[in-house]
Amino acid sequence: MDDRPADGSPAQQPDTLDLVRCRAWIEAVVTAVGERKGELTELDAAIGDADHGTNLHRGFTAVRAALGGDFAPGTVGQLLVKVGMTLISSVGGASGPLYGSAFRAIGKQLATPEADADQFALALRSGLDAVRALGAAAAGDKTMVDALGPAVTAFDDAAGKRLGFADAARAAAHAAEDGAKATVPLQARKGRASYLGERSIGHQDPGATSTALIFTALADVFQ
């Protein structure tokens, strides 16, 4: 979206996540998952059930449908709770409960029509806590937490420095991407991949990869 003033002066970076941008974020995730479902499934084939991309595509396709029609949230929180509940109900395996719980927890913290960087940072922390509680995973276990944790920290740090929402989102995206890549040399300690033991080493975790995709989509919406 173009926020350039009518006089042609440089546009200021948007500083809140409003309903328009929140919908655009989720739509960007839907598109990205569709474009990369093969890659995500290939990563999962090496150390999991070979269904991560397919499952996420099914879930976010259901999300797109759920956000259409007569659904008219009054806050970004209500929208994100809807995303979470839809993922929980439509995605099999671990992906649905984990991603759904994250979005639902984030949404429950956002009770205003739009969220600034400070509000969203706190909400992201709740999302991370929900994932940790459900999956019992910690940093270094070769899971989505290895991307989500650094992303939350990076967003919080940027927000604390008053860099604005756009810069915080980009910092989170970079941190998530780095976190996903850092799972390659790790041995999985949680989930289906943990059954492989040392054979899980040398493969990038699919959940961390899709987590990075979600943060990249958020950052792109704010450019």
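The values are calculated or read from the model by the stated rules, or taken from the named source; none is laboratory data. Computed from a prediction, not measured in an experiment: that's the story for all the values here. Here the Cβ positions follow ideal geometry from the backbone for every residue, glycine too, while neighbour counts run over all protein chains shown. With ligands, DNA and RNA removed, areas are computed over all heavy atoms of the protein, side chains included. Shrake-Rupley method; radii C 1.70, N 1.55, O 1.52, S 1.80 Å.
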When residues of region 32-51 are limited to those that are touching a residue at least 40 places away in the same chain (Cβ under 8 Å), open to solvent by 50 Å² or more (accessible area, probe 1.4 Å) and part of a helix (DSSP H, G or I), the one nearest to GLN187 (Cα to Cα): GLU39
Residues located in region 78-93, provided they are over 15 Å from the mean Cα position of the chain (by Cα), crowded, with 18+ Cβ neighbours inside 10 Å and small (Gly, Ala, Ser): SER90
Meets criteria (modelled with pLDDT under 90, in a loop (DSSP other than H, G, I, E, B), under 30 Å from LEU196 (Cα atoms) and of a type in the set (Gly, Ala, Ser)) for ALA6: no
Tally, over region 52-76, of residues that are part of a helix (DSSP H, G or I), farther than 20 Å from GLY191 by Cα and either among the polar types (S, T, N, Q) or in contact with a strand residue (DSSP E or B) (Cβ under 8 Å, 6 or more places away or on another chain) (or both): 2
Top-ranked residue in region 52-77 [being of a type in the set (Val, Ile, Thr) and either over 25 Å from GLU42 (Cα atoms) or under 16 Å from the mean Cα position of the chain (by Cα) (or both); ranked as surrounded by the most Cβ atoms within 10 Å (Cβ to Cβ)]: VAL76
Selection count, region 94-124, where residues are surrounded by fewer than 18 Cβ atoms within 10 Å (Cβ to Cβ), in contact (Cβ under 8 Å) with a residue 24 or more places away in the chain and part of a helix (DSSP H, G or I): 2
Number of the condition not met by GLN223 [criteria: (1) outside any helix (DSSP H, G or I); (2) without any contact (Cβ under 8 Å) to a residue 24 or more places away in the chain; (3) closer than 22 Å to LEU80 by Cβ]: (2)
Given (1) open to solvent by 50 Å² or more (accessible area, probe 1.4 Å); (2) modelled with pLDDT of 95 or more, number of the condition THR216 does not satisfy: (1)
Single residue of region 162-200 satisfying the filter (more than 21 Å from the chain's Cα centre (by Cα) and at pLDDT 90 or above) that is least open to solvent (accessible area, probe 1.4 Å): LEU186
